[in-house]
Structure formats: C-alpha cells, structure tokens
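Okay, structure first, notes after.
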Amino acid sequence: MNEVIKFLNDNPVQYFSTVGLDGRPKVRPFQFMLEKEGKLYFCTNNEKDVYSQIQNNPYVEICTSTPNFAWIRLSGKAKFTKDLDIKKSIIEHSPLVKSLYQNAENPIFEAFYLEDAKATIADFSGNPPVTYML
C-alpha cells in the first residue's frame, strides 16, 4: 500500500477513466486525495458528468506515470461516502479542493474511495510489474 500511495503522491496528476453515459470511455485529469484505514480516497462534484458516470457504472481506472516512464494502473469500484470526517480531511489536505468547496458540508462536494482496488506498478526496466490488492 505504501508504494502505491507514494507513487500517487509523487505524481499528482492522474488520469481518471469512466464509462460515459453514451457507453464510450471518458478520461480526465484527477488527483488522489488521501488514504485512510486502507482506502484510497478521491473527490468530485455531484453536478459534474463524472459523478453521473460513476453512479451509472462505478468501475473506474486511474493511470499516471513518472518522468522516467514508470507507471501505475489503479482500478476498483468507486463507493461514495457521506463521512464528514473524511470530507474534512480531504478539504484540509488539498488547497485546491478547499478553494472549490470551502467546507465539508458543501452539498455538491462528494468523496469516494475505491473498493476492491488493484494497483499495478510497471516500468521499462525488464523487471516484472508489481501488483497490489488493496
């Protein structure tokens, strides 16, 4: 788990993929927020298309890479939470999120974690990829 969290934190722009309501893939930049009790948390806004897409099909995938072409693929089932402590932690963690939503009680602010997450870290070194079940 620590290797996955470090990779995500060291490479803060990740690309988040969903299945659009039209059945086609949709990818956009996203950012990992935090880990708590073994869960990887992200956030969004319930007025965005991505929120509707996750509601329709909760299986998502995230990918990012280092400048040296090591990469991570992270997949799982997005599960939304109303836990105000998690939302407060996210607001405290990210100045950008705080600037967008101001506080954890904002009705459009949504937090979610990945259930049954799987992460694979790979590179072009010739070494086999390393997979983590989270």
Quick calc, the chain, dipole around Cα centre from Cβ unit charges on Lys, Arg (+) and Asp, Glu (-), nearest 20 debye, gives 160 debye
Long-range HN-HN contacts of Leu34 with modeled amide H, under 5 Å:
Tyr41
Whats the longest run of the chain with zero GluC sites (Glu not before Pro) that are DSSP loop and have at most 14 other Cβ atoms within 10 Å?
48-104
Extend 7 Å from the Cα of Ala122 along its Cα-to-C-beta direction; within region 70-101, residues with backbone N under 16 Å of that point are 70-75
Subtracting the Cα-Cα distance of Ser75 and Glu115 from 0.36 nm times their residue separation yields 13.5 nm
Pick the calculated Rg/Rh (Cα atoms, Kirkwood Rh) for this structure from (1) 0.96; (2) 0.94; (3) 1.02?
(1)
Which whole DSSP H helices in the chain pass both tests: a Cα extent of 20 Å or more along the axis and a mean Kyte-Doolittle value no lower than 1.0?
none
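Bear in mind these aren't lab numbers, they're just calculated from the coordinates by the rules spelled out. These numbers were taken from a predicted model, which means no experiment stands behind them. For neighbour counting, all protein chains shown are included, and Cβ atoms are generated from backbone atoms with ideal geometry for every residue, glycine included.
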